[in-house]
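Only the coordinates and a few stated rules stand behind these numbers; no lab work does. Just so we're clear, the structure is a prediction, and the values are computed from it rather than from any experiment. As a convention, Cβ positions derive from the backbone with ideal geometry for all residues, glycine included, and neighbour counts pool all protein chains shown.
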Amino acid sequence: MKLLGKFILYGLVLSLLLSIAGGAAVAFVLWRYGIGLPDYSQLANYEPAITTRVHAGDGRLITEFAREKRLYVPYETIPKLVINAFVSAEDQNFFVHRGVDPIGIMRAAIINLQHAGDDRRLVGVSTITQQVAKNFFLSGEVSYQRKIKEAILAFRIERTFSKERLLELYLNEIYLGNTAYGVAAAALNYFDKPLADLTLEEAAYLAALPKAPNNYHPVRYHDKAVARRNYVITRMLEDGYVTADEAISATQKPLVTAPPRDREFVHADFFAEEVRRELINRFGENALYDGGLSVRTSLDPRLQAIAYKSLRDGLIAYDRKHGWHGPVTRIDAGEGWPARLAATPMPAGLAPWRLALVLKTRQDSAQIGFADGSQGIIPLEEMRWARKRLMDATRGPAVNRAEDVLQAGDVIAVAQMDAKPSGKAISRWSLQQIPEVSGALVAMDPHTGRVLAMQGGFAYGDSEFNRATQALRQPGSAFKPFVYAAALEAGFTPSSLVLDAPMVIDQGPGLAKWKPTNYSGEYFGPSTLRLGLEKSRNLMTVRLAQHIGIGRVNDYASRFGLTQSAPNLLSTALGAGETTVLKLTTAYAMLVNGGRQVQPALIDRVQDRRGRTLYRNDPRECAACREIWREGLPEPALPDLREQRINPATAYQMVSMLEGVVLRGTGKSIASVGRPLAGKTGTTNESRDTWFIGFSPDLAVGVFIGYDTPRTMGKKETGGSVSAPVFRDFMAAALAGSPAIPFRIPPGIRLMRVNADTGLPANPGDRNVILEAFLPGTEPKGRKQPVLGTDNPEDLVVTPEITGEEPVAGGTGGLY
């Protein structure tokens, strides 16, 4: 009996010693691996990386910016169905354990010991709390050391945070494949649904993904994905979250995901890239890609679609007009051609056209094939435009046979001419080519500077270079309105006469004399300022700039935001300086809005993830706007903070003269739109740059077309022949269905009937009579006027500038 008592005593002592030793070992492990663990309390203020979304003016989505595409949702808004699915799939005992599941750990340990000698990945069993610890604080290393740290952190986290908070963190942080982080983004990416609309089988599929999203891809590994989804549904049944009937029904449903949502986006790639640059400049890259900003822009999707089509059509029309520059590439048209065609890289900017291979040419057509093996023909009539392109934008002989253009083996771009033929009828296609020339179009609200549309080239995929904002080009005659505006404010009137005749300018010692000419090479004698602008007379513009002083001209260019500093050279008056489409369009906007300064703006408002406004383009405060409106109350009055850059009356005189460009001058092809429109053509030396900048009363539009590496566009090509048709087509579509609005006349303008040729008061019987705009007291009187450029211009007066500076002295000026 005593011996038995001793054994019991020894056993108790040994057990106590083992317990102490085990406790000490556990304490040592906790101390050893608990040292230096991250501060988990930061989870209380956790802000995950969230997608920044950029919206058009009507609220439609333009693009998203994110390193991790995530939509954060609080626990209260996550449906119970989704929570139950993830708990069943990932951590059955989540709501009862304290961070670590001992039974799961023992099971994993036994499996790993059984396979200790195998070259197999260790089996792990992580609770949702452990996954939170790993995802937020630890690496993905597979080791016992990391699992110990993970467990320690899990215990600590569970003591600090509620189960609901842990689930919220987990369900918003996990990666679920298909570029989706968090359950809300995954629901949209896979099923195009908000969380609240998910069905049982859809929620179960999302819960099947955390272990290995790529291994359960719904298309590439469809059967595995269905099996994993059904496993989750079975677990939910075992855990009592669904009934047997619900589980059976859900497992029998097919796994169907939604197609990509790209069609929901407003396509405005050049605009979106400009917005991205501005957001980075204002808020930094981290705020853009992780901050979950909500950005409302000025873009009008309808006008953007019109801009896209108008510019592309104009570039294609010009490019076809100047001939065929050859196939995309050449491949063997023999046996196996569909596979070779399918392997041919798709040129950027090809859409919506298709790539085709010329299989055979006949007298009156070319037989073509597509990568899917289907075939069609290109009739000769659809190839007659494709005369060979020669040097200096000229063309070769006429096309009389298909083989004059195409040969078997040519890979070409084609567009379908008619609907898909029925029966055995062969499809007919037209020959296309991606233009070498490029350009830009900007549309703007002239009263606010809000950019409503921007197309910076033929195709963004072909070149991300934005010719609307990044291309510095000479505006040519499109700059002339600012010379004339300076002259009007220096004392001239639209009816003032300037001599249109040859002139020679001394450029200074050692420099050759300069002899500017008109584009036509003709001279028309004394002509009114209006006529000089309408017909774009170079000599009149140079005489005018020389008389008022090129310094005054440069001052006006600076006022309108065209240049920061320009050389005092007379060539500036003919648009020899450089500017961008956006800047020049903004300058014209300040003419039609009454001479008030506006800044181009692409972003209306930026809000952070909590809805707080970080930036607003319109700085005006309006307390009355927040009040509840009742019938009979007046509209809130907002202050006009825009600076006056020129006299509103002078601005209207310029608008009236530019309207004459459209009605009678170099832009008369635009008159067919049948609306009040105004603007100016621009063409540089050797026709390297072509412009048309203009406006309606409430819409300013700028068009530029030219080669990225400047070269001639053709001997007879001008802003009137190349860019004006694009402006015309854009305005015709943009203004369709809206009432015709005349240009607004400000106070301080007197309209007078004058002879358009002489600028003098009209006589009975005069045919060419117009209404001219004058400031009070400047109307022409009598039957004679002085002529600038003659020997006796004594009556011409140059008044001081509005800035109060002394008038710039006349003189020859300089020129390069």
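Which order do peptides 193-201, 646-654, 47-55 fall in by mean Cβ count within 10 Å, highest first?
Numbers: 193-201: 17.0, 646-654: 22.6, 47-55: 19.8.
For the peptides 193-201, 646-654, 47-55, the packing ranking is 646-654, 47-55, 193-201.
Among Ala678, Gly702, Ala624, flag the residue with its Cα farthest along the positive direction of the charge dipole of region 609-722, charges on Cβ as +1 for Lys/Arg and -1 for Asp/Glu.
It is Gly702, whose Cα lies furthest towards the positive end.
Express the relative contact order of the chain as a whole percentage, based on alpha carbon pairs under 8 Å and six or more residues apart in sequence. Can you show the working numbers first?
Working: 1531 pairs, mean separation 93.4, N = 816.
Relative contact order of the chain: 11 percent.
Give me the percent of Cα-Cα pairs in the chain that sit more than 40 Å apart, rounded to a whole number.
Working: 186099 of 332520 pairs.
Result: 56 percent of Cα pairs exceed 40 Å.
Region 484-551: Rg/Rh from Cα coordinates, Kirkwood Rh?
Details: Rg = 12.4 Å, Rh = 12.5 Å.
With Rh from the inverse mean 1/r over Cα pairs, Rg/Rh is 0.99.
Based on DSSP H runs of at least 4 residues, each adding -39500 (n - 2.57), what is the mean residue ellipticity at 222 nm of the chain after dividing by all its residues, to the nearest 500 deg cm²/dmol?
Values: 21 runs with 261 residues, N = 816.
Taking each H run of at least 4 residues, the total per residue is -10000 deg cm²/dmol.
Once phi is turned into θ = phi - 60°, what whole-Hz ³J(HN,Hα) does the Karplus curve with 6.51, -1.76 and 1.60 give for every residue of region 406-417, x standing for Gly and Pro?
Taking θ as phi minus 60°, the curve returns 10, 9, 4, x, 6, 9, 9, 9, 9, 10, 6, 7 Hz for region 406-417.
Testing the spin-label approximation: label points 7 Å from Cα along Cα→Cβ at Ala212 and Leu113. State their distance in nm.
The modelled label-to-label distance comes out at 2.6 nm.
Need one number: nm distance between label points at Thr790 and Lys668, each 7 Å from Cα along Cα→Cβ, rounded to one decimal.
2.7
Compute the distribution of all C-alpha to C-alpha distances in region 638-682, in bins of 5 Å from 0, and list the percent of pairs in each, rounded to whole numbers.
In order of increasing distance, the bins hold 5, 22, 21, 16, 13, 11, 8, 4 percent.
Going by average Cβ density within 10 Å per residue, which order do the peptides 272-281, 235-244, 509-518 take, highest to lowest? List each step's numbers first, then the result.
Values: 272-281: 18.5, 235-244: 15.7, 509-518: 11.5.
Packing order, densest peptide first, comes out as 272-281, 235-244, 509-518.
For a quick check: with amide H placed at 1.01 Å from N, whose amide H comes under 5 Å from Lys360's, ignoring anything fewer than 5 positions away on the same chain?
Residues meeting the criterion, in which the H sits 1.01 Å from N, are Gln367.
How high is the relative contact order of region 663-708? Use alpha-carbon pairs under 8 Å, at least six apart in sequence, and give a whole percent.
The value is 27 percent.
Using a Förster distance of 45 Å, how high is the FRET efficiency between His222 and Leu614, based on the Cβ-Cβ distance and rounded to 0.05?
On the way: r = 44 Å, r/R0 = 0.98.
In this case the efficiency is close to 0.55.
Whole number please: convex hull volume per residue, Cα atoms of region 368-410, in Å³.
On the way: hull volume 3.8 nm³, N = 43.
So the per-residue hull volume is 88 Å³.
Can you compute the label reach from Arg401? Point 7 Å from Cα along the Cβ direction, backbone N cut-off under 18 Å, restricted to region 370-391.
So the set is 378-388.
Hey, with R₀ at 30 Å, roughly what FRET efficiency would Val256 and Glu64 work out to, going by the Cβ-Cβ distance, to 0.05?
Working: r = 24 Å, r/R0 = 0.81.
In this case the efficiency is close to 0.80.
Debye sum, Cα scatterers, region 737-785, no solvent: what log₁₀ I/I(0) at q = 0.13, 0.23, 0.26 1/Å?
The calculated log intensity ratios at q = 0.13, 0.23, 0.26 Å⁻¹ are -0.39, -0.86, -0.99.
Report the gain in length on full extension from Glu635 to Met417: 0.36 nm times residue separation, minus Cα-Cα distance, nm rounded to one decimal. Kindly include the intermediate steps, with their values, before the conclusion.
Details: separation 218, 0.36 × 218 = 78.48 nm, distance 5.31 nm.
In short, 73.2 nm is gained.
Given the peptides 345-353, 291-299, arrange them by the average over their residues of other C-beta atoms within 10 Å, most packed first. Write down the numbers at each step before the final one.
Numbers: 345-353: 13.3, 291-299: 23.1.
Descending packing order for the listed peptides: 291-299, 345-353.
With +1 on each Lys and Arg Cβ and -1 on each Asp and Glu Cβ, how big is the dipole of region 582-650 about its Cα centre, in debye rounded to the nearest 20?
Details: 12 positive and 9 negative charges, 69 e Å.
It works out to roughly 340 debye.
Once you charge only the Cβ atoms, +1 for Lys and Arg and -1 for Asp and Glu, what is the size of the charge dipole of region 663-777 about its Cα centre, to the nearest 20 debye?
On the way: 13 positive and 9 negative charges, 38 e Å.
In debye, rounded to 20, region 663-777 gives about 180.
Would you kindly calculate the mean projected area, averaged across all directions, of the convex hull enclosing the Cα atoms of region 495-650, in square nanometres?
On the way: hull surface 59.4 nm².
The orientation-averaged projected area of the Cα hull of region 495-650 comes to 14.9 nm².
Over its Cα atoms, what ratio of radius of gyration to 2.2 N^0.38 Å does region 374-447 give?
On the way: Rg = 17.2 Å, N = 74, 2.2 N^0.38 = 11.3 Å.
Output field value: 1.52.
Beyond 17 Å, what percent of the Cα pairs of region 195-261 remain? All intermediate terms of the calculation are to be shown ahead of the outcome.
Numbers: 855 of 2211 pairs.
Within region 195-261, distances greater than 17 Å cover 39 percent of Cα pairs.
Nearest 5 is fine: what % of DSSP beta bridges in the chain come out antiparallel, could you say?
Working: 71 of 84 bridges.
Looking only at bridges with both residues in the chain, the antiparallel portion is about 85 percent.
Can you tell me the FRET efficiency between Ile749 and Glu285 if r is taken as the Cβ-Cβ distance and R0 is 30 Å, rounded to the nearest 0.05?
Working: r = 51 Å, r/R0 = 1.69.
Efficiency computed from Cβ-Cβ geometry: 0.05.
Could you work out the relative contact order of region 462-555? I mean the mean sequence separation of Cα pairs under 8 Å and 6+ apart, divided by the number of residues, in percent. Provide the component values of the computation, followed by the final result.
On the way: 92 pairs, mean separation 31.9, N = 94.
In percent, rounded to a whole number, it is 34.
How large is ³J(HN,Hα), in whole Hz, for each residue of region 586-603 in order, when computed from phi with the Karplus curve 6.51 cos²θ - 1.76 cosθ + 1.60 and θ = phi - 60°, using x for Gly and Pro?
Karplus values, whole Hz, x for Gly and Pro: 4, 4, 5, 4, 6, 6, 6, 8, x, x, 9, 6, 10, 10, x, 9, 9, 10.
In terms of modelled amide H atoms, which long-range or inter-chain residues lie less than 5 Å from the amide H of Leu497?
Leu788
Determine the gain in length on full extension of the stretch Met391-Tyr231; use 0.36 nm per residue of separation and subtract their C-alpha separation, reporting nm with one decimal. Intermediate results must be reported in sequence, preceding the final value.
On the way: separation 160, 0.36 × 160 = 57.60 nm, distance 6.97 nm.
Extra length available between Met391 and Tyr231 comes to 50.6 nm.
Once label points are set 7 Å from the Cα along Cα→Cβ at both Glu522 and Val504, what is their separation, rounded to one decimal in nm?
So the two model labels end up 2.6 nm from each other.
Beyond 12 Å, what share of the Cα-Cα pairs of region 436-478 remains, rounded to the nearest whole percent?
Values: 588 of 903 pairs.
Result: 65 percent of Cα pairs exceed 12 Å.
Enumerate the calculated ³J(HN,Hα) couplings along region 669-683 in order (Karplus 6.51 cos²θ - 1.76 cosθ + 1.60, θ = phi - 60°), each rounded to whole Hz, writing x wherever the residue is Gly or Pro.
5, 7, 4, 5, 5, x, 10, x, 9, 8, x, 8, 7, x, 9
Skipping prolines and chain starts, which residues have an amide H placed within reach, meaning under 5 Å, of the one on Arg450, given they are 5 or more residues away or on another chain?
Result for Arg450 returns Asp445, Ala601.
Let me know the charge dipole size of the chain about its Cα centre in debye, to the nearest 20, where only the beta-carbon of Lys, Arg (+1) and Asp, Glu (-1) is charged. Write out the running numbers ahead of the final one.
On the way: 94 positive and 85 negative charges, 173 e Å.
With only Lys, Arg, Asp and Glu charged at Cβ, the dipole is about 840 debye.
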